[in-house]
1. Give me the distance in nm between label points sitting 7 Å out from Cα along the Cα-to-Cβ direction at residue 103 and residue 554, one decimal.
2. For a label point 7 angstrom out from the Cα of residue 155 toward its Cβ, which stretches of region 9-50 have the backbone nitrogen within less than 17 Å?
3. If r is the Cβ-Cβ distance from residue 626 to residue 434 and R0 is 30 Å, what FRET efficiency results, to the nearest 0.05?
4. Just check region 1-96 against the gyration tensor rule for me: Cα atoms, a ≥ b ≥ c as the square roots of the eigenvalues, rounded for a/c under 1.5, and otherwise prolate or oblate depending on whether a/b exceeds b/c.
5. Could you order the peptides 574-581, 96-103 from most to least packed, using the average number of other C-beta atoms within 10 Å per residue?
6. Taking the Cα-to-Cβ direction at residue 243 and at residue 403 and moving 7 Å from each Cα, how far apart do the two end points lie in nm?
7. Could you tell me the calculated FRET efficiency between residue 275 and residue 22, based on Cβ-Cβ distance and R0 = 30 angstrom, to the nearest 0.05?
8. Taking square-rooted eigenvalues a ≥ b ≥ c of the alpha carbon gyration tensor, is the chain rounded, prolate or oblate, where a/c under 1.5 means rounded and, failing that, a/b exceeding b/c means prolate?
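Every read-out reported here was derived from the displayed coordinates using simple, explicitly stated rules and does not represent laboratory data. Model, not experiment: these values are computed from the prediction. Heads up, the Cβs are rebuilt from the backbone with ideal geometry, glycines too, and the neighbour counts pull from every protein chain shown.
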């Protein structure tokens with residue numbers, strides 16, 4: 001068999017994995033262990049059902065403080081025909097939880113009685129009267145917890161395969177159990193490989209990569225009920241990797257070999273698996289996560305499954321969800337995790353490769369009765385996209401994508417309640433919005449952004465796809481910001497335009513400004529490499545407006561057609577040397593250690609449809625704009641002016 005296999009469909013890959021596990025005797029629970037019933041049992045999976053040894057309660061118990069009576073003796077009691085009962089004669093005081101006397105079948109609450117005490121002693125004990133008078137009849141078993149009300153001896157308490165929750169532990173204890181039989185935790189060895197990798201906390205230089213895939217996978221495995229075993233980083237040397245895999249296989253039930261498992265010159269994953277056992281697949285038609293490896297390696301008298309995990313962080317995390325979690329579920333005897341799903345409407349088109357199952361990360365918000373999903377960064381190395389994602393839409397192979405407005409099913413990473421508290425912002429990106437999101441979290445709101453540029457944001461509002469849009473579009477004829485564009489693109493949508501911030505725009509340049517740039521005039525001649533914003537972005541409109549004043553043609557600017565979608569992306573392009581400069585805000589320059597050359601000042605507004613402006617959802621955001629601590633925090637960012645923050649510029653429509 002060739003070491004390098006071709007991509008196969010996801011369902012075929014899963015079938016190969018299941019077949020190999022079954023052949024190796026690994027198709028079910030790996031083992032059982034008996035553990036004490038205490039808090040350490042939380043999250044464990046029952047390997048055997050729990051049956052009640054005792055009834056709960058195992059006697060007829062008083063449900064409140066009062067007097068145990070025979071219900072028949074209270075018949076006829078009423079406000080005008082009270083019944084007097086002497087203690088000791090089929091009437092006895094009981095506390096909550098006390099067993100009822102054999103002759104009793106009801107409890108009269110102490111507050112429903114009129115006690116009679118001998119003498120005038122001021123230290124009377126309300127629980128020890130000589131007699132009581134009642135003015136209400138009590139039916140049989142009133143205020144009584146009958147034997148077996150909760151559970152009856154021999155009753156099934158919990159089935160096998162059940163994941164233990166806090167109240168499950170109480171039910172088991174109440175049924176008379178003190179030990180539980182649970183599935184043994186599968187041990188999963190995690191082996192990061194790569195000469196460029198550095199442990200967390202170690203200083204990194206150019207070409208060094210912080211190794212955190214093993215941390216993510218270990219946390220996933222622990223959450224899914226496994227026992228992660230992290231190994232140190234192994235350099236890209238085949239003998240060393242083979243030795244590490246052999247050592248891991250001797251200790252673990254599953255080995256994860258972490259690397260960029262594409263067929264690269266220093267990637268030995270496939271060769272190692274083939275040398276130590278059987279390579280069963282290399283490449284699955286799923287994105288991200290294409291170059292997944294699966295095989296079986298020999299360890300003494302057994303075969304141990306091994307998965308080669310792609311090196312890109314998103315691919316690694318999704319490999320965990322797609323391939324590793326179902327294996328652990330099988331070994332623990334529980335059902336694979338099935339995330340909740342919700343029907344969504346796409347706000348933007350998704351383009352997908354025809355031959356792959358495409359896992360697309362989305363942010364989700366409820367806007368005007370619609371549940372909308374907007375795709376976010378799709379790079380396999382963008383781990384922050386999983387942090388921001390509210391869910392995943394799987395575009396099946398054979399489909400080239402989904403159209404805007406098309407319905408889809410989203411697998412949720414968040415609860416529906418969280419989505420109901422989500423403010424969906426679109427339009428222009430601004431780092432102060434990220435700061436607002438942080439402050440709003442304390443007010444019970446989530447602010448998520450789907451960056452589409454200022455013009456794209458207004459169009460999204462026209463389609464009813466967001467609660468608000470950030471905009472800083474300058475009118476070249478009047479120099480006014482945003483209002484003329486709102487009139488043009490939202491003629492039938494009543495909106496409120498609220499100033500968010502004033503801010504500087506200028507050139508982001510390398511530290512020390514090695515090119516000696518002073519303004520847009522320096523872009524003439526095609527020598528200086530510029531990185532632009534996308535069409536429709538307010539910064540792009542500003543750049544084109546100001547570039548026109550200089551008389552420089554767009555085609556004479558080197559890099560004019562190279563586009564990025566956020567200020568931070570422009571800053572990253574300059575910091576990495578892909579461009580000499582770009583137009584952006586000083587906060588983005590400071591974020592990555594660039595210098596900033598101020599050129600212009602602009603007004604950045606929030607355009608909010610009136611239907612949302614007056615809603616409870618948006619109210620905390622509007623209050624935040626008036627909060628002194630938030631204004632102080634934004635003012636601490638370079639190049640920001642908050643003096644007009646929260647000012648209503650116009651009500652339109």
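1. Output for this residue pair reads 10.0 nm.
2. 50
3. Working: r = 19 Å, r/R0 = 0.65.
Taking R0 as 30 Å, the efficiency between residue 626 and residue 434 is 0.95.
4. In terms of gyration-tensor shape, prolate.
5. 574-581, 96-103
6. 6.0
7. Rounded to the nearest 0.05, the efficiency is 0.80.
8. Cα axes put the chain in the oblate bin.
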